[in-house]
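Down below is the structure, laid out as structure tokens.
The values are calculated or read from the model by the stated rules, or taken from the named source; none is laboratory data. Everything numeric here is computed off the predicted structure, so don't read it as measured data. Here the Cβ positions follow ideal geometry from the backbone for every residue, glycine too, while neighbour counts run over all protein chains shown.
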């Protein structure tokens, strides 16, 4: 539609507001109560314009109409008066907030508004500085409600409200009391939207002028949020979600937004360490790299397979590429793996077997068009908060939600149906849902005939998985199973998101494949119209580490080590021979160390003693291995057990790329320099290789990605230059002209025959069973406040938000054991013990317990077993039989 703004004709789409039209005319209005992401309230009146024939109107809430004639310049005095009335109720310091931190101060400066001399001071309303990150100055609050709306509509927490009446109306935590004791999840959205500085960050540094802003990608979970880092004098002032961020859309979580204080922690490693006479002793970089190079040269010359490297899901793609190249081209072994082995290796294998490629099928933005979400074995509110918020937004907008999880998570409480299967029974549940889809005539037979194989065989299996039999196996009521299947089956565009509750089982790969059957039965993937099947990745670059070939059987781009054509490409470029036999997986590396066969293990950025299962056996492996090398930021338990420790750079201090959970390559840029004495993993690998007489090439991260792209067809069109110019790109991206592939399999599946392969997999019992000695099932997972082993977040204000690990137990079990909130208990399994305080909650079912793994001193992973998925070696973290007894 066309309308006139200050004599200039502009055109805006249907549904636009006058504010949109004013923007289209190149003009800017004050909008103190408005945020484009939020519902409009039109309460501040600072965006008033004059419509010919109608009079004043709030531009933010008035629909644009064909033929309207709108005056902006002539209504300037009305907006100035609105600003002046707001300022009259505030102390003079409201206009002293730096203009780049206060919309109010900036707009008042533009309109010549100042505090009126001699006007009475408004009554003081007080401060709340109880929270480690967010501070509230009530005297600067104008009751615009933006913080309340962003908390509800973007974050989905509903932690804030407006209290008081008239001029005394201010924002407050909805639960009453101090901010730190509220339901706030510390995402910082309220700080980012506050127009006056009433809500701001702690610290004086963020009030100083900014020297530099750096756009980078978050180094915590695998969501891949775009962040803008403001710095001064090589110190971080603020980290804020980038406007228009590719996944996060201007939102972030407590970790990405605030948990960067670990960079300056007093115990940050800045000097290499070498074990001498049993003690880790400071050494120079020349000494440490020379020592490692000499030892590894001896091993390479005598037994190359005596070396192994655990690469890092926290490192960049370029560092992972260099690590696997070091193992293969310098050491002559395929003994390279990464922590995907412990989390999503069943996803890579299961999705590849079903669809052809080992990544999620759809971009996360497809959530916007989904009318039903099946969320399985994942608690994104805690593990991937931005994803959790967007799923919740979609549910509030009307999408149906089915949650399959033994725990009653936040999203489970808001689900249409919550299925709570016994841990280890996923395959039975997924087969049962498939049975109902077929029985109810909800299978898309045209899609199945055209695009899949194995449907007849699957029908033969599904006959055994009636709702009644699945109920016996899983404990899920048959009626609930039917309701869930109907919601998914009747949706026009359903999406599946899943997490480690599917993969970390003895039969995790079967779980991925039988879950994928549901999407195929509905035609909701590939050439179909649905949201596909999407694993939620845990660490920031767990997808990228595998993409780069940090796997024992796969070269970069998921090319088989045994494939002669692929091997030839690498041999020609690297100018060296390549081993043909697949290498050791992480569990096999530890077993080889305990048996005396492994002579050197290089662990890059992983605390295997804290995060790997059966940590007692892991410690035995590290003790038995003659040379353990560790790259880390801090003296972690693994670093403490190492023979050589290299101090390395963190994600905010390096250049490169990450790949997020929906296959987006995204740039990582150095916001600050690492401390003196720390180097990037990229530089460490180069230094050791050079001293061994090997040239790894790839002098810069950009060159490393370019070399990888030249060897891996999936990434052929991706480069630093292109990412800097165009932004994120989804693989496959097979040429410089390709726009990337956000949505996979639009024409055909990537299997040799072009068909998706339905999985005919029966339910098999889990690896551990409860008995009289160990009557409870322990599930492990993530807490919202911390990340992985906690080495970064425990050195930030997040420790004030969650100071220790607890074990969750239901009220009935706690009462039956005579336990109360906060009591210390000892958990014992067939593998180890741990002492924790209990948290009484109905989140867990009777007979089940839950604990996180972010506090190594809690030794939770000493309880977990060495049971692993038969196809991938992924451990069964989600099911450990334990006993529980009071420590009092």
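Does residue 501 qualify as being at positive phi, in contact with a strand residue (DSSP E or B) (Cβ under 9 Å, 6 or more places away or on another chain) and buried (at least 24 other Cβ atoms within 10 Å of the Cβ)?
Judged against the criteria, residue 501 is not a match.
The set of residues from segment 719-739 being assigned to a loop (DSSP other than H, G, I, E, B), touching a residue at least 40 places away in the same chain (Cβ under 8 Å) and within 28 Å of residue 452 (Cα to Cα) comprises 731, 732, 733. Scan segment 567-613 for residues that are free of Cβ contacts under 8 Å to residues at least 12 places away in the same chain and either outside any helix (DSSP H, G or I) or crowded, with 16+ Cβ neighbours inside 10 Å (or both) and jot them down. 575, the sole residue that qualifies.
Please give the strands (runs of 3 or more DSSP E) falling wholly within segment 102-188 in which 2 or more residues are surrounded by 19 or more Cβ atoms within 10 Å (Cβ to Cβ), in contact with a helix residue (DSSP H, G or I) (Cβ under 7 Å, 6 or more places away or on another chain) and assigned by TED's automatic domain parsing to the domain that holds residue 255. Don't jump to the end; show me each part of the working.
On the way: elements: 134-137, 160-163, 170-173.
Output list reads 134-137, 170-173.
Scanning segment 531-566 for residues that are farther than 13 Å from residue 315 by Cα and in a helix (DSSP H, G or I) gives 564, 565, 566.
Picking from 847, 822, 790, which residue would you name as being surrounded by fewer than 20 Cβ atoms within 10 Å (Cβ to Cβ), in contact (Cβ under 8 Å) with a residue 24 or more places away in the chain and on the phi > 0 side of the Ramachandran plot?
Values: 822 fails: in contact (Cβ under 8 Å) with a residue 24 or more places away in the chain; 790 fails: surrounded by fewer than 20 Cβ atoms within 10 Å (Cβ to Cβ).
Of 847, 822, 790, the one residue that is surrounded by fewer than 20 Cβ atoms within 10 Å (Cβ to Cβ), in contact (Cβ under 8 Å) with a residue 24 or more places away in the chain and on the phi > 0 side of the Ramachandran plot is 847.
One line per residue, one yes/no per condition, for (1) buried (at least 24 other Cβ atoms within 10 Å of the Cβ); (2) assigned to a helix (DSSP H, G or I); (3) more than 26 Å from the chain's Cα centre (by Cα):
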position	(1), (2), (3)
274	no, no, yes
292	yes, yes, yes
314	yes, no, no
346	yes, yes, no
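Here is a yes/no grid of residues against (1) out of contact with any strand residue (DSSP E or B) (no Cβ under 8 Å at 6 or more places or on another chain); (2) farther than 30 Å from residue 638 by Cα; (3) buried (at least 19 other Cβ atoms within 10 Å of the Cβ):
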| site | (1), (2), (3) |
| --- | --- |
| 190 | no, yes, yes |
| 198 | no, yes, yes |
| 235 | yes, no, no |
| 255 | no, no, yes |
| 269 | no, no, yes |
| 279 | yes, no, no |
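Note on segment 189-236: residues that are within 22 Å of residue 169 (Cα to Cα) and not in a strand (DSSP E or B) total 10.
In segment 350-360, the condition of being touching a strand residue (DSSP E or B) at 6+ places or on another chain (Cβ under 7 Å), surrounded by fewer than 24 Cβ atoms within 10 Å (Cβ to Cβ), on the phi < 0 side of the Ramachandran plot and assigned to a helix (DSSP H, G or I) is met by at least one residue. Looking across segment 462-498, the residues that are within 14 Å of residue 419 (Cβ to Cβ), free of Cβ contacts under 8 Å to residues at least 40 places away in the same chain and in a helix (DSSP H, G or I) come down to 467, 471, 478, 479. Does residue 669 meet the test of being under 26 Å from the mean Cα position of the chain (by Cα), under 30 Å from residue 264 (Cα atoms), at pLDDT 95 or above and outside the structural domain of residue 221 (by TED's automatic domain parsing)? In short, yes.
Residue 403 satisfies every condition listed in (1) more than 23 Å from the chain's Cα centre (by Cα); (2) within 22 Å of residue 471 (Cβ to Cβ); (3) without any contact (Cβ under 8 Å) to a residue 40 or more places away in the chain except (1).
In segment 1-24, the qualifying residues are those that are in contact (Cβ under 8 Å) with a residue 24 or more places away in the chain and part of a loop (DSSP other than H, G, I, E, B), and the one that is farthest from residue 105 (Cα to Cα) is 1. Condition check: farther than 16 Å from residue 625 by Cβ, in contact (Cβ under 8 Å) with a residue 12 or more places away in the chain and in the same structural domain as residue 665 (by TED's automatic domain parsing). Does residue 315 satisfy that? Yes. Within segment 614-637, the residues that satisfy the criterion of being within 23 Å of residue 795 (Cβ to Cβ) and assigned to a loop (DSSP other than H, G, I, E, B) are 633, 634, 635, 636. Being at pLDDT 95 or above and under 19 Å from residue 693 (Cβ atoms) holds for only one residue in 303, 315, 353, 293, and it is 293. Within segment 844-876, being closer than 16 Å to residue 503 by Cβ and touching a helix residue (DSSP H, G or I) at 6+ places or on another chain (Cβ under 7 Å) holds for 853, 868, 869, 871, 872, 873, 874, 875. Residue 804: in contact with a helix residue (DSSP H, G or I) (Cβ under 8 Å, 6 or more places away or on another chain), at pLDDT below 95 and surrounded by fewer than 17 Cβ atoms within 10 Å (Cβ to Cβ), yes or no? Judged against the criteria, residue 804 is a match.
Could you go through segment 601-610 and let me know if any residue there is under 29 Å from the mean Cα position of the chain (by Cα), farther than 25 Å from residue 291 by Cα and modelled with pLDDT under 95.
Residues of segment 601-610 under 29 Å from the mean Cα position of the chain (by Cα): 601-610.
Now restrict to residues that are farther than 25 Å from residue 291 by Cα: 610.
Next, from what is left, pick out any that are modelled with pLDDT under 95: 610.
Yes, segment 601-610 contains a residue that is under 29 Å from the mean Cα position of the chain (by Cα), farther than 25 Å from residue 291 by Cα and modelled with pLDDT under 95.
Yes/no matrix, rows are residues, columns are (1) in contact (Cβ under 8 Å) with a residue 40 or more places away in the chain; (2) in contact with a strand residue (DSSP E or B) (Cβ under 9 Å, 6 or more places away or on another chain):
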| position | (1), (2) |
| --- | --- |
| 649 | no, yes |
| 664 | yes, yes |
| 673 | yes, no |
| 678 | yes, yes |
| 682 | yes, yes |
| 689 | yes, no |
| 699 | no, no |
| 706 | no, no |
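Here residue 61 passes the criteria (1) surrounded by 20 or more Cβ atoms within 10 Å (Cβ to Cβ); (2) not in a strand (DSSP E or B) except the one numbered (1).
Determine, yes or no, whether residue 557 is buried (at least 24 other Cβ atoms within 10 Å of the Cβ) and either assigned by TED's automatic domain parsing to the domain that holds residue 664 or closer than 17 Å to residue 348 by Cα (or both). Before the answer, list the steps.
Numbers: buried (at least 24 other Cβ atoms within 10 Å of the Cβ): no; either assigned by TED's automatic domain parsing to the domain that holds residue 664 or closer than 17 Å to residue 348 by Cα (or both): yes.
Spelling it out, it is not the case that residue 557 is buried (at least 24 other Cβ atoms within 10 Å of the Cβ) and either assigned by TED's automatic domain parsing to the domain that holds residue 664 or closer than 17 Å to residue 348 by Cα (or both).
From the residues in segment 91-101 that are part of a loop (DSSP other than H, G, I, E, B) and in contact with a helix residue (DSSP H, G or I) (Cβ under 7 Å, 6 or more places away or on another chain), which one is surrounded by the fewest Cβ atoms within 10 Å (Cβ to Cβ)? Here the answer is 98.
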